[in-house]
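Here is the structure we will look at, set down as structure tokens.
The values are calculated or read from the model by the stated rules, or taken from the named source; none is laboratory data. In this text, all values refer to a predicted model and were calculated from it rather than measured experimentally. Here the Cβ positions follow ideal geometry from the backbone for every residue, glycine too, while neighbour counts run over all protein chains shown.
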Amino acid sequence: MALVYPNDDNVTWRFPCGQEHGMIWPFDVPLRVSQTTTQKIQEFYSSLLELCEVDPTQTPMAPDVDLVNAERKAVVDFGILRLTGFNTLEAKLKSTWQSYREKFGWMLRDQAAIWKFIRYMEQEDQKDWSGVGSMVVEERVGLLDNYATDIKTEYTWNLRQFFWSFLKSTAVAPDILDVVWNPAYEALKAHTSDFQSWAEVTEKLMNSIVFSRTALGSSMGFFPGINIPEKWSSSWKCFSVAREGGIYHDGEVFGSECYWNWSEFERCLDLRDTLLAQVLPEELRPRENHEMQAHMSFRVWGLNLDQRERVSIV
């Protein structure tokens, strides 16, 4: 297709994923979307806020930002992400993560066993307790078509960090830590490879969350989980610094900033799953709405539709 600017040379563009069929060419697109489209955008935006349990009056937005344009940008960004099939990618990772949780989560209820295993990993330095992997992103052509930035496929996993994340703010007496026989601890050692796989899926989910943050940008800063990857890293760092610096000792209750909350993480995944399952109403889908199609296309191309009074797409 060609995008025609007044007084400019024609430029050939790739048509964004999910918008290439069922259109009648050429068609003209006005600068401002219609009142009907604007209303549908506002309704859908409000529904996303409600699902996120966000007070519309508390959404972070600069005072000079035009609310109508901000809502349109958010819905357009969300619509583009939904066209890629990204939701099925994250849903599959979540399902895999939960299957590990169901099979092996019970082994991580014993705090003394976790502490013993952390110590064991530190004593067995010759073993690979961390590493780098690469996630396969299959049949997600839309991610390549709609974004200049690819989803990060490489990840780093760390079993020490993974086992740390299951520690709770509960003191464990030193004599319990030093008990020679602990069946839960033996179970952890027997299933080390399974825990490694679980840790790797966790890092893949973190990659997924980072990509969604990039894709949605500042327009949807309220989207659940946006800050989780940073919290995952910073909490582990706080724990490591506090422990290595002798501020706290094994088995003691560390500061709250040194712990990870898996229940919060799982609630976040559930909420993301619900949100990513939402689809644009028929009136806003690019195949039925030329205005939305144009705005989505311009967003994909990195162009600003507001700089033109009218464009003709042929």
Query - Residues of region 253-273 satisfying the condition of being assigned to a helix (DSSP H, G or I) and either surrounded by 14 or more Cβ atoms within 10 Å (Cβ to Cβ) or not acidic (Asp, Glu) (or both) - result: 256, 258, 262, 263, 265, 266, 267, 268, 269, 271, 272, 273
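Do we find that residue 233 is of a type in the set (Ser, Thr, Tyr) and surrounded by 14 or more Cβ atoms within 10 Å (Cβ to Cβ) in this structure?
Values: of a type in the set (Ser, Thr, Tyr): yes; surrounded by 14 or more Cβ atoms within 10 Å (Cβ to Cβ): no.
Considered against the rule, which asks whether it is of a type in the set (Ser, Thr, Tyr) and surrounded by 14 or more Cβ atoms within 10 Å (Cβ to Cβ), residue 233 comes out as no.
If we only count helices (runs of 4 or more DSSP H) wholly inside region 150-191, which ones have 1 or more residues that are in the same structural domain as residue 206 (by TED's automatic domain parsing) and free of Cβ contacts under 8 Å to residues at least 24 places away in the same chain?
On the way: elements: 159-164, 174-177, 183-190.
The qualifying helices (runs of 4 or more DSSP H) are 174-177, 183-190.
Restricting attention to region 258-286, which residues are closer than 24 Å to residue 101 by Cβ and among the acidic types (Asp, Glu)?
Once the filter is applied, which keeps residues that are closer than 24 Å to residue 101 by Cβ and among the acidic types (Asp, Glu), region 258-286 yields 264, 266, 270, 273.
Would it be correct to say that residue 247 is among the β-branched types (Val, Ile, Thr), within 30 Å of residue 86 (Cα to Cα) and either surrounded by 19 or more Cβ atoms within 10 Å (Cβ to Cβ) or assigned by TED's automatic domain parsing to the domain that holds residue 92 (or both)?
Details: among the β-branched types (Val, Ile, Thr): yes; within 30 Å of residue 86 (Cα to Cα): no; either surrounded by 19 or more Cβ atoms within 10 Å (Cβ to Cβ) or assigned by TED's automatic domain parsing to the domain that holds residue 92 (or both): yes.
Spelling it out, it is not the case that residue 247 is among the β-branched types (Val, Ile, Thr), within 30 Å of residue 86 (Cα to Cα) and either surrounded by 19 or more Cβ atoms within 10 Å (Cβ to Cβ) or assigned by TED's automatic domain parsing to the domain that holds residue 92 (or both).
Would you check if residue 95 is surrounded by fewer than 20 Cβ atoms within 10 Å (Cβ to Cβ), over 15 Å from residue 191 (Cα atoms), polar (S, T, N, Q) and touching a strand residue (DSSP E or B) at 6+ places or on another chain (Cβ under 8 Å)?
No; evaluated as a whole, the condition is false for this residue.
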Requested in this report: Answer yes if at least one residue in region 194-217 is touching a helix residue (DSSP H, G or I) at 6+ places or on another chain (Cβ under 9 Å), assigned to a helix (DSSP H, G or I) and basic (Lys, Arg), and no otherwise.
Outcome: yes
Query raised in the report: farther than 19 Å from residue 48 by Cβ and under 17 Å from the mean Cα position of the chain (by Cα), is that true of residue 95?
Result: yes
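For (1) under 29 Å from residue 79 (Cβ atoms); (2) surrounded by fewer than 17 Cβ atoms within 10 Å (Cβ to Cβ); (3) of a type outside the set (A, V, I, L, M), each residue gets a yes or a no:
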{"site": "171", "(1), (2), (3)": "no, yes, no"}
{"site": "189", "(1), (2), (3)": "no, yes, yes"}
{"site": "213", "(1), (2), (3)": "yes, no, yes"}
{"site": "216", "(1), (2), (3)": "yes, no, no"}
{"site": "224", "(1), (2), (3)": "yes, no, yes"}
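Within region 218-238, can you find the residues that are of a type in the set (S, T, N, Q) and either on the phi > 0 side of the Ramachandran plot or not in a helix (DSSP H, G or I) (or both)?
In the first step, residues of region 218-238 are kept if they are of a type in the set (S, T, N, Q); the result is 218-219, 227, 233-235.
If the condition is that a residue be of a type in the set (S, T, N, Q) and either on the phi > 0 side of the Ramachandran plot or not in a helix (DSSP H, G or I) (or both), then 227 is the only one that fits.
Taking region 66-101 on its own, how many of its residues are of a type in the set (Gly, Ala, Ser) and without any contact (Cβ under 8 Å) to a residue 24 or more places away in the chain? Give the derivation first.
Our first condition is that a residue be of a type in the set (Gly, Ala, Ser); within region 66-101, this holds for 70, 74, 79, 85, 91, 95, 99.
Applying the additional criterion that residues be without any contact (Cβ under 8 Å) to a residue 24 or more places away in the chain yields 95, 99.
Counting residues in region 66-101 that are of a type in the set (Gly, Ala, Ser) and without any contact (Cβ under 8 Å) to a residue 24 or more places away in the chain gives 2.
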